[in-house]
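I have placed the structure first, in the form of structure tokens, so that the comments after it can refer back to it.
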Amino acid sequence: MEGRDATAAALVGNNGEQTATKKAAPSKKKEQPKGKMEQLFGFKKEDLTSWPSLVTLLNRPMDPASLGIFRCMFGLLMAIDITQERGLSHVDYKYLDGAPVCRFPLFNFLKPLPMDWMYLVYLVMFIGALGIMLGCFYRLSCLMFISTYWYIFFLDKTAWNNHSYLYGLIGFQLTLMDANRYWSMDGLRRPVIRNAHVPLWNYTLLRMQIFIVYFIAGVKKLDADWVEGYSMSYLAHHWLFDPFRVILPVEIVSLLVVHGGGLMLDLSAGYLLFFDATRPYAFVFVSYFHCMNSQLFSIGMFPYAMLATSPLFCYADWPRKFFRCFPAFLRGILPFTTSDAQPSSSCVYQEAPERQEPVTKSSKLKFKHKMATIFAVVYVLEQFFLPYSHFITQGYNNWTNGLYGYSWDMMVHSRSHQHVKITYKDSQTGEVGYLNPGVFTQSRRWKDHGDMLKQYATCLSELLPRYNISDPEIYFDIWVSINERFQQRIFDPRVDIVKADWSPFRPNPWLMPLLVDLSPWRTKFQEIESTLDNQTEIVFIADFPGLHLENFVSEDLGNTSIHLLQGSINVEVVEEKKNYSIQAGEKIKVPAGAYHRVYTVSEEPSCYMYIYVNTTEAALQQNFTKLMDLQERIRNGTETEPLPPELQPLLTADNDDGSEINATDPIVRLFLKRQRRIKEVKKRREAGVLERLERFAVKKYYSIRRGILMTAIAMRNLAVGLPPLEQLTQEVAFANMKAPEAEANPDTRLKDEVGHGEL
């Protein structure tokens, strides 16, 4: 495809019509028939047989139109992303100027600047993104964008994900490309580059990057957990899969549609987009896929960015054909629609074009052509290697390999945390105490990564002396379930993480192994859970020999019992000072409102489950059911007995105007609040397309508005200094202003009660 595009861009149009003048037509040699390889891949085998041939191939002239349109769309999406996922709208919350906060940079020497200066960093990044979109001072804009983007990226590992990494890669690539040759302000300033050819490697690099994203993501989904349907099983309950659940059980929807469909699409999308015959079908599938992802996950601009990359696989002159369809009076502001791109010194021409320019008098291979080829080849090889480079950076490996974000293992692993305990010990006094999980930090991802846990423990050891805790030892007891396995410890709770050894290039010695041998139990879990009623909860636990779990059973959790599935355990009830020996198949009831310890005494890991009922919640649900029945009888007029005063608010519940609920009985008040929230969530769910778009636009407007106003305040502070505190308070309050609907936003915790909320 590339070679065919290159020929089309340099000599003939994509429709086969010659672009040279009619005068030159008689002297044109008869075109040689293309071989099968050239028809399929766009280049000949001979193009790869020597270094000069490869350099010539990757520097062939290409139409700049498709690259220019992608540059514009990417810059626009990044400008929006900066105000959203990058965090411009909440910089002051994210960096908490002067507050004692534990941070997780890639390199420990990286520190955030003072808050007003961080706003300046974001402003530079935003201006860079706008410059990329407009093609204005293009190289400078790219440098402004990627330098600040990668600084913010490296500043916080907890915010890493695959698409944020992808944005940085694309920004880096665009910096080295000639993407300002089409529909750019630079083209207006410098006619010599306006509508000029770009070398083939510009397209090849972007296409290969997107191919790698799809293909490696598919290869990573060949993991047994994904293939067997354990990674994202909860997605099958989302409303987007309602049509599938009409004809298929939810288990089959999860296995075949969610997991099987995701695997096949990722493996095949790159190939389908590459070939002419399959590209139309690929557009349908990937567009549907990314539109679904925009509703399934909170992943910002990623679905739209991937949609913007799809046209890169088309013929490079598709924008010219597209904009020719617009009325003639609009063409003054639209991109070029003519096919006569001018020559460029960045390209290698196999035969000189008739419109000879001084920069193209020679078709010799120059140093920059060779360097561009080397860069393209090395970059592609490096991108194929990085997802499998975890044998080098072994310290970042946990139950999954590497830091999440550059391996394209998207959505392959889901985690749930049942129990997190942080214990400190004063080295001088021996005092032992406990910290709230997540204290001094805004992130939760440290619980799954040894490198972040080390950073967190080091930070805590520096902060706790302020609270008269000298030379503290820090111990973490973190229980995690990955892909619906047993809850188990991920790190050794006996190790003082402050003094523990950690290196990015050696395996983590205090990482506990994932008990993969117990994975077949997941089928049994489903059988057990299917026998329980809606009010009974269950937690599956696996523990290592010689360790114990200390647990407190809340008074709300009545009828809590431990059932042993495998191994041997001793259960110690702390207050009773009694020990009970339990063997496989036996169970024991543990008292509510008290501590107990479960010791694993067998030589193999113990497996057991907690079964409990939240009696307080169950009683509340029973009261809600009675009130709902009463409310229904009031509505249909079958309730004839007069209501007591505490139930009178039920009479006016249907005429709710959003005012404060006036009910003396706490259960009635809670019931009416719950009904109001359910009604509001249902209304949002059933809203029409225009109403949803309006709500979306209003939400984004106030978010972007806050980012702009807070940036303006910060720039004023840097320029002329801080104003009086009262004035600054008023300015921030004005920036924080929200839409009336947002101020009375329904409780999102009810999403699961009425279906699936909007994501």
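The values are calculated or read from the model by the stated rules, or taken from the named source; none is laboratory data. This is a predicted model, so every value here is computed, not measured. Please note: Cβ atoms are built from the backbone with ideal geometry, for glycine as well, and neighbour counts cover all protein chains shown. Accessible surface areas use protein heavy atoms only, side chains included; no ligands, DNA or RNA. Shrake-Rupley method; radii C 1.70, N 1.55, O 1.52, S 1.80 Å.
Taking (1) farther than 23 Å from residue 484 by Cα; (2) at pLDDT 90 or above; (3) open to solvent by 10 Å² or more (accessible area, probe 1.4 Å) in turn, residue 584 satisfies each apart from (1). No other residue among 287, 298 is surrounded by fewer than 19 Cβ atoms within 10 Å (Cβ to Cβ) and assigned to a loop (DSSP other than H, G, I, E, B) apart from 298. A search for C-beta distances below 6 Å between a residue of segment 564-581 that is assigned to a loop (DSSP other than H, G, I, E, B) and any residue that is among the acidic types (Asp, Glu), counting only pairs 6+ apart in sequence or on different chains, returns 567/604. Give the residue that is least open to solvent (accessible area, probe 1.4 Å), with candidates limited to residues of segment 455-496 that are without any contact (Cβ under 8 Å) to a residue 24 or more places away in the chain and part of a helix (DSSP H, G or I). Checking each candidate, the answer is 465.
Applying the selection to segment 545-565, what residues are crowded, with 16+ Cβ neighbours inside 10 Å and over 26 Å from residue 618 (Cα atoms)? Once the filter is applied, which keeps residues that are crowded, with 16+ Cβ neighbours inside 10 Å and over 26 Å from residue 618 (Cα atoms), segment 545-565 yields 547, 548, 549, 565.
If the condition is being surrounded by fewer than 21 Cβ atoms within 10 Å (Cβ to Cβ) and either under 15 Å from the mean Cα position of the chain (by Cα) or in contact (Cβ under 8 Å) with a residue 60 or more places away in the chain (or both), then segment 73-88 contributes 73, 77, 80, 84, 85, 87.
This table checks each residue for (1) part of a helix (DSSP H, G or I); (2) touching a residue at least 60 places away in the same chain (Cβ under 8 Å); (3) open to solvent by 80 Å² or more (accessible area, probe 1.4 Å); (4) not polar (S, T, N, Q).
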position: 609; (1), (2), (3), (4): no, yes, no, yes
position: 612; (1), (2), (3), (4): no, yes, no, yes
position: 616; (1), (2), (3), (4): yes, yes, no, no
position: 623; (1), (2), (3), (4): yes, no, no, no
position: 627; (1), (2), (3), (4): yes, no, no, yes
position: 634; (1), (2), (3), (4): yes, no, no, yes
position: 639; (1), (2), (3), (4): no, no, no, yes
position: 651; (1), (2), (3), (4): yes, no, yes, yes
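For segment 126-138, taking the residues that are open to solvent by 10 Å² or more (accessible area, probe 1.4 Å), in contact (Cβ under 8 Å) with a residue 40 or more places away in the chain and not in a loop (DSSP other than H, G, I, E, B), the one that is farthest from residue 704 (Cα to Cα) is identified as 134.
Looking across segment 423-444, the residues that are modelled with pLDDT of 90 or more and either touching a Gly at 6+ places or on another chain (Cβ under 9 Å) or under 27 Å from residue 384 (Cβ atoms) (or both) come down to 423, 424, 425, 426.
Residue 153 meets each of the listed conditions (1) of a type outside the set (Gly, Ala, Ser); (2) surrounded by fewer than 19 Cβ atoms within 10 Å (Cβ to Cβ); (3) not in a loop (DSSP other than H, G, I, E, B) apart from (2). Residues in segment 720-740 that are open to solvent by less than 100 Å² (accessible area, probe 1.4 Å) and either touching a Leu at 6+ places or on another chain (Cβ under 7 Å) or of a type outside the set (A, V, I, L, M) (or both): 721, 723, 724, 727, 728, 729, 731, 735, 736.
Kindly indicate whether residue 305 is outside any helix (DSSP H, G or I), at pLDDT 90 or above, open to solvent by less than 60 Å² (accessible area, probe 1.4 Å) and of a type outside the set (S, T, N, Q). No. Once segment 515-535 is narrowed to residues that are at pLDDT 90 or above and not in a helix (DSSP H, G or I), the residue that is surrounded by the fewest Cβ atoms within 10 Å (Cβ to Cβ) is 520.
Whether any residue in segment 590-600 is of a type in the set (Phe, Trp, Tyr) and touching a strand residue (DSSP E or B) at 6+ places or on another chain (Cβ under 7 Å) is what I want to check. Within segment 590-600, one or more residues are of a type in the set (Phe, Trp, Tyr) and touching a strand residue (DSSP E or B) at 6+ places or on another chain (Cβ under 7 Å). With respect to residue 287, determine if the residue is among the small types (Gly, Ala, Ser) and at pLDDT below 95. No. Selection over segment 215-239 of residues that are free of Cβ contacts under 8 Å to residues at least 60 places away in the same chain and open to solvent by less than 30 Å² (accessible area, probe 1.4 Å) gives a count of 3. Residues being assigned to a helix (DSSP H, G or I) and either aromatic (Phe, Trp, Tyr) or crowded, with 24+ Cβ neighbours inside 10 Å (or both): count how many of those fall in segment 37-56. The total comes to 2. Is there a residue in segment 179-193 that is open to solvent by 20 Å² or more (accessible area, probe 1.4 Å) and touching a His at 6+ places or on another chain (Cβ under 9 Å)? Looking through segment 179-193, at least one residue is open to solvent by 20 Å² or more (accessible area, probe 1.4 Å) and touching a His at 6+ places or on another chain (Cβ under 9 Å). Of 137, 107, all but one fail to be at pLDDT 95 or above and aromatic (Phe, Trp, Tyr); the exception is 137. Any idea which of 598, 590, 574 is open to solvent by less than 60 Å² (accessible area, probe 1.4 Å), under 39 Å from the mean Cα position of the chain (by Cα) and of a type in the set (Val, Ile, Thr)? Unique residue meeting the criteria: 598. Looking across segment 675-697, the residues that are among the charged types (D, E, K, R) and closer than 30 Å to residue 623 by Cα come down to 676, 677, 679, 680, 682, 683, 684, 685, 686. Taking the criterion of being among the acidic types (Asp, Glu) and touching a Phe, Trp or Tyr at 6+ places or on another chain (Cβ under 7 Å), the only residue of segment 420-459 that qualifies is 451.
Each residue in segment 108-125 was checked for being of a type outside the set (A, V, I, L, M, F, W, C) and outside any helix (DSSP H, G or I), and 4 of them qualify. Scoring residue 360 on the criteria (1) among the β-branched types (Val, Ile, Thr); (2) modelled with pLDDT under 90; (3) open to solvent by 60 Å² or more (accessible area, probe 1.4 Å) leaves a single failure, condition (3). The residues of segment 697-728 that are farther than 25 Å from residue 81 by Cβ and among the hydrophobic types (A, V, I, L, M, F, W, C), listed by number, are 719, 720, 722, 725, 728. Could you list, in sequence order, the residues of segment 420-437 that are open to solvent by less than 80 Å² (accessible area, probe 1.4 Å) and without any contact (Cβ under 8 Å) to a residue 12 or more places away in the chain? Listed by number, the list holds a single entry, 430. I'm checking my understanding of the structure. Among residues of segment 94-125 that are free of Cβ contacts under 8 Å to residues at least 60 places away in the same chain and aromatic (Phe, Trp, Tyr), which one is most open to solvent (accessible area, probe 1.4 Å)? Across segment 94-125, the extreme among qualifying residues is 109.
Here the condition is being at pLDDT below 85, under 27 Å from residue 338 (Cβ atoms) and either aliphatic (A, V, I, L, M) or open to solvent by less than 40 Å² (accessible area, probe 1.4 Å) (or both); of 2, 31, it holds for 2 alone.
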